[in-house]
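Report on one structure; see the data block that follows.
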Amino acid sequence: MGDNSGSNQMWGGRFAGGPSAIMREINASIPFDKALWRQDIAASKAHVDMLGAQGIVSPDDAALIAGGLDQVAAEYEASGVPENWDLEDIHMTTESRLAELIGPAAGRLHTARSRNDQVATDFRLWVRDAMDQAELGLKQLQVALVSRAGEHSGSIMPGFTHLQTAQPVTLGHHLMAYYEMIGRDRSRFADARVRMNRSPLGAAALAGTGFPIDRFRTAEALGFDGPTDNSLDSVSDRDFALDYLMAAAQCSLHLSRLAEEFIIWASQPFGFVTLPDSLSTGSSIMPQKKNPDAAELVRGHSGRIVGCLTALMITMKGLPLAYSKDMQDDKPPVFEAASLLALSIAAMTGMVAEAKFRTERMRAAAELGYATATDLADWLVRQANIPFREAHHITGSAVKLAESRGIALDQLSIEDLKAIDERIDDRVYAALSVEASVAARCSHGGTAPDEVRKRVAQARVALGLEESA
């Protein structure tokens, strides 16, 4: 005995219509691919212009379709893209609305193309725009880094290995390290853009078309360097999306490292930086707290961006040529990563630009971290002709003595130093201060303030902030 009132219960409450309701929902991509509407309109206008020029559709129909597409675009701009799941995707949604506006002529727009090459073109255009936006945002981050590095070319701080004080460096030098990382990120997006800038439009479903189309014309109209050269590859290639995600993932790792620096530096035990109020939050229970939430979210977003890369890599693994419906899942991870990356870049740019660096605290940490211990050992080798291993032992004794008194190495008296080893003389003080230590690192790419200023000047020219001398 049983109750037959729930005959569709096995499908779940959302799918009262059974398998057809499931198919309707799983097949529809309009909730996310509506983000491609600008690219879809642009590609359709380029396509119909070519159809008219080639005599495949009449000049009147081509003009009518182009005008109708402009009207659809104006509606989308004003009111957004409607989500009718029966129309499945942005392509059918646009074509349906075009038919309502201009009548049967709308049906000629899809001549000599397929949704396969259509979506490949739209998505490629969207990713190209995302690459351009990332590159522009990263340049602004570099500008912020260079600006602050110029301010602090001589500001001394501890340099770390294993998060232990190693040798003194300048804050400017530290910030310029991230300038270099972000420069490589920009180059990855730029390289990927060159590789992907070919138009798949005209490849049709998978084999090309028998209509006398001009793929070079549509490629040029859309800003591509030319058409793709194999129709099968054209509709099934998503390397451009993976290239974008790989560049985004690598960039997110750099942003996460920079965010972690600010999180550590802003903690009370370090106290190296005061973060801008606009990028921090308070505690709901502890009034003394100022939490680096923006930096922590940048650090967290990197995990999600790497996850987006992994998702698309696994989706594409093992797909036979040419198009498979799995590839409908190519867009959500790219859209998510692009949104997270843009937020992360903007957050770190604001943090670098507006943070207040507590340089006296940084300098004191470098002194009490005995960051010049290596300089003392080097001096013993060079000036007193002591083997390095012995010099290392002598330096350890000096550090231990200074540490027991809570003073910097250069505050030990000459008597204290001679008691450790008679071969030490007054000349050693020229090597023991943190200023002397950083000034001595004057090799190319070193932390010496003069070297930092030189590199900042070069970077300003590279960023277009100054003319070359």
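In this rough spin-label picture, where each label sits 7 Å from Cα along the Cβ direction, the Glu75-Asp214 distance is 3.1 nm. Taking the protein heavy atoms of the range 182-294 in the context of the full set of protein chains, the accessible area attributed to carbon and sulfur is 54 percent at 1.4 Å.
Taking a Cβ cut-off of under 13 Å around Glu83, the surrounding Lys, Arg, Asp and Glu residues balance to a net charge of -2, with basic ones at +1 and acidic ones at -1. Under 5 Å between amide hydrogens, built in the peptide plane, is the criterion, and for Val169 it picks out Met157, Gly159 among residues at least 5 positions away or on other chains. Backbone phi angles across the range 174-179, fed through the Karplus curve with coefficients 6.51, -1.76 and 1.60 (θ = phi - 60°), yield HN-Hα couplings of 4, 5, 5, 4, 6, 4 Hz in residue order; Gly and Pro are listed as x. For the listed peptides 395-401, 153-159, a ranking on the average number of other beta carbons within 10 Å per residue, highest first, reads 153-159, 395-401.
Going by average Cβ neighbours within 10 Å, how do the peptides 404-411, 143-150 rank, with the highest at the top? Mind showing how you got there, number by number?
Values: 404-411: 15.0, 143-150: 21.9.
Per-residue Cβ counts within 10 Å, averaged per peptide and sorted highest first, yield 143-150, 404-411.
Backbone N atoms of the range 419-438 closer than 13 Å to the 7 Å Cα→Cβ label point of Glu390 belong to residues 421-424.
If you plug the beta carbon distance of Phe32 and Gln140 into 1/(1 + (r/R0)^6) with R0 = 30 Å, you get a FRET efficiency near 0.60.
Pick out, in residue order, every one of the GluC sites (Glu not before Pro) in the range 114-221 that is DSSP loop and has at most 14 other C-beta atoms within 10 Å; say none if there are none. Don't skip to the end; give the middle numbers.
Values: sites: Glu135, Glu151, Glu180, Glu220; in loops: none.
When the GluC sites (Glu not before Pro) of the range 114-221 are filtered for loop state and at most 14 Cβ neighbours within 10 Å, nothing remains.
With respect to the chain, whose longest principal axis is taken over its alpha-carbon atoms, helix 239-266 is tilted by about 30°.
Considered as an equivalent ellipsoid built on the Cα gyration tensor, the range 24-111 has semi-axes of 23, 13, 11 Å, the largest given first.
For the chain, the longest principal axis of the C-alpha atoms and the axis of helix 90-102 are separated by about 50°.
Computed from the C-beta positions of Ile314 and Ala346, the FRET efficiency with R₀ = 30 Å rounds to 0.55. When both the range 177-237 and the range 77-146 are represented by their alpha-carbon centers, they are found 15 Å apart. Count Lys and Arg as plus one, Asp and Glu as minus one, and take only other residues whose Cβ is under 15 Å from that of Thr209; the net charge is then +3.
Can you tell me the relative contact order of the range 24-111? Whole percent, Cα pairs under 8 Å, sequence separation 6 or more. Write down the numbers at each step before the final one.
Details: 82 pairs, mean separation 37.1, N = 88.
42 percent.
Hey, what angle do you get for helix 293-316 against the long axis of the chain, alpha-carbon based, 0 to 90 degrees rounded to 10? In the chain, helix 293-316 runs at an angle near 50 degrees to the longest axis. The stretch between Trp85 and Asp329 holds 86.2 nm of extra length on full extension. This uses 0.36 nm per residue minus the Cα-Cα distance. Note: relative contact order over the range 365-463, using C-alpha pairs below 8 Å and six or more positions apart, is 25 percent.
If I take R0 = 60 Å and measure r between the Cβ atoms of Ser20 and Ser468 in this structure, what FRET efficiency does the formula 1/(1 + (r/R0)^6) give, to the nearest 0.05? If you can, show how the numbers build up before the last one.
Details: r = 67 Å, r/R0 = 1.12.
Once the sixth-power term is evaluated, E becomes 0.35.
Under 28 Å of direct C-alpha separation, and excluding same-chain neighbours fewer than eight residues apart, Lys400 reaches these lysines: Lys418. Per-residue 3J(HN,Hα) values for the range 201-217, derived from phi via the Karplus relation 6.51 cos²θ - 1.76 cosθ + 1.60 with θ = phi - 60°, read 4, x, 6, 6, 5, 5, 10, x, 9, x, 6, x, 7, 10, 5, 5, 5 Hz in sequence order (x marks Gly and Pro). Residues in the chain average 48 Å² of solvent-accessible surface per residue, probe 1.4 Å, ligands and nucleic acids excluded. For the range 221-330, trypsin sites (Lys or Arg not before Pro) meeting the loop criterion (DSSP other than H, G, I, E, B) and having at most 13 other Cβ atoms within 10 Å: Lys289, Lys317. Pairs exceeding a 30 Å alpha-carbon distance, out of Lys290/Lys331; Lys139/Lys325; Lys139/Lys454: Lys290/Lys331; Lys139/Lys325. Qualifying GluC sites (Glu not before Pro) in the range 380-434, where qualification requires a DSSP coil assignment and no more than 12 other C-beta atoms within 10 Å, comprise Glu422. Solvent-accessible surface of protein heavy atoms, probed at 1.4 angstrom with all chains present, puts Ser443, Ser199 in the order Ser443, Ser199, largest first. Across the range 135-142, coupling constants 3J(HN,Hα) worked out from phi with the 6.51/-1.76/1.60 Karplus curve, θ = phi - 60°, read 4, 5, x, 5, 4, 5, 5, 4 Hz, and Gly and Pro carry x.
For the chain, the Kirkwood hydrodynamic radius comes to 26.8 Å, computed from all pairs of different C-alpha atoms. All alpha carbon pair distances within the range 365-463 were sorted into 10 Å bins beginning at 0; the resulting P(r) in whole percents reads 16, 43, 25, 12, 5, 0.
For Arg382 and Glu100 in the same chain, what is the full-extension length gain: residue separation times 0.36 nm, less their Cα-Cα distance, in nm? Before the final figure, lay out each step's value.
Details: separation 282, 0.36 × 282 = 101.52 nm, distance 8.66 nm.
Full extension of this stretch gives 92.9 nm more.
Using the Cβ of Ile420 as centre and a radius below 14 Å, the other residues enclosed give a net charge of -3, where K and R count +1 and D and E count -1. Placing a pseudo-label 7 Å from each Cα along the Cα-to-Cβ vector at Glu415 and Asn230 gives an inter-label distance of 8.3 nm.
The values are calculated or read from the model by the stated rules, or taken from the named source; none is laboratory data. This is a predicted model, so every value here is computed, not measured. Because the Cβ atoms are built from the backbone with ideal geometry, glycine has one as well, and the counts that use them run over all protein chains shown. For accessibility, only protein heavy atoms count, side chains too; no ligands or nucleic acids. Shrake-Rupley method; radii C 1.70, N 1.55, O 1.52, S 1.80 Å.
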